[in-house]
Amino acid sequence: MSDVPVISIVILNYNGARWLNRCLESIRSQTIFEQLELIIADNRSSDGSDRLSEQLLQGWANARFVQNGSNLGFCEGNNRGARGARGRYLFFLNNDTWLEPDCLEKLLGAVRALGAAAATPLMLNYDEDSIQSLGGAGFDVFGLLSRETRADRTREIFTVGGCCYLIETALFWELGAFDPVFYMYADEYDLTWRVWMSGRAAILVPVSRLHHRGAANVNPKGGSREVEFRTSEAKRYYSNRNGLLVILKNAQHLLLLLACTQLLWLFAEALLVGFMTGRWQIVRRAYWESVRDCWKLRDHVRAERIRLRSLRRVGDWRLLRFLRLRLNRWDEFRRMLQLGRLKVD
């Protein structure tokens, strides 16, 4: 094992006993395993996966277990895990993933060749080779992420995949790491906007391949294969609130208009969800409270905008090239046609 790892892999675990073994086996099988450091940070799991993590790491060189002590959410949980990481790059990896053997070698090679600061591999479904996600190509007219659709070559993308996020360690901390206020969801959108703002680039590397279950806690039915179109009040709340926060924090001037169009969309979507489910309590929690609580965070937004002024090298006019006509909710509509009517917990 290398004394100074090139990549520090940070796996945030919360009740992931089902997925950990295959995930760690795939890391052991990496062609550049000798250049890796592994850190598992646990958010006080209740399914025994904290103890399982420690057992699976026994005998590993360059690996350690961190107990966060409570459920800190995705953002602060990962930040705690990354503290003290020694690699030049951080690779934030979900526990419900497994990597093909040359995944990290090819990802690292593309980043070095192109001088990119952040990157994501091709994300495939867990048990098959069908594409799950290619990251975010840009944002639509409502300020929501528009998915990348082309996997023919390595290309720049606006947002790196949240389940497998590679970034330069020094830049991660310089940009302020994951924003703990977000707790979870839209965190990759927020961080990668800051990467672009700082004058650096993010890329998709399709020859680097990873398999991901996705929504393993929110939508567990079906085991390793998603069989329902299911979400939760909490997921919709954080997604809606944080989507607005991303724009309000990071947009310089022109793109602040996206916050207005997003509010209009959320109003229309709230009515649709209310009529589809007949559960108006969901609308209150996931939509009204998300907007209200975004407003309550205005002091945080103001402080972040002041902090980010010194980091900004690229403004809104240049980022307009990431505006896409492909609507974010088109992909949600396709999932509903495939998996059936939306179910909300």
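The values are calculated or read from the model by the stated rules, or taken from the named source; none is laboratory data. Owing to the predicted nature of the structure, the values given are computational and were not obtained by experimental measurement. Neighbour counts run over all protein chains shown; Cβ positions are idealised from the backbone, glycine included.
Observations on the model:
- Residue check, LEU342 surrounded by 12 or more Cβ atoms within 10 Å (Cβ to Cβ) and modelled with pLDDT of 95 or more: no
So that you can scan it fast, the table gives a plain yes or no per residue for (1) farther than 22 Å from PHE172 by Cα; (2) in a strand (DSSP E or B); (3) at pLDDT 95 or above:
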| residue | (1), (2), (3) |
| --- | --- |
| MET1 | yes, no, no |
| VAL10 | no, yes, yes |
| ILE39 | no, yes, yes |
| SER45 | yes, no, yes |
| TRP60 | yes, no, no |
| ASN78 | no, no, yes |
| ARG86 | no, no, yes |
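- Selection of first residues in the stretch 272-285 that are more than 16 Å from LYS235 (Cβ to Cβ) and of second residues that are β-branched (Val, Ile, Thr) and at pLDDT 85 or above, restricted to Cβ pairs under 6 Å at least 6 apart or on distinct chains, gives the following pairs, ordered by first then second residue: GLY274/VAL283.
- Subset tally (residues that are out of contact with any Ser or Thr (no Cβ under 7 Å at 6 or more places or on another chain) and surrounded by fewer than 20 Cβ atoms within 10 Å (Cβ to Cβ)) for the stretch 1-25: 9
- For the stretch 306-345, the set of residues classified as aliphatic (A, V, I, L, M) and part of a helix (DSSP H, G or I) consists of ILE306, LEU308, LEU319, LEU320, MET336, LEU337, LEU339, listed by residue number.
- The residues on offer are LEU255, LEU244, LEU248, LEU266, and the sole one that is of a type in the set (A, V, I, L, M, F, W, C), assigned to a helix (DSSP H, G or I) and under 17 Å from the mean Cα position of the chain (by Cα) is LEU244.
- Residues of the stretch 78-94 satisfying the condition of being within 17 Å of the chain's Cα centre (by Cα) and either farther than 19 Å from ILE27 by Cβ or aliphatic (A, V, I, L, M) (or both): ASN79, ARG80, ALA82, LEU90, LEU93
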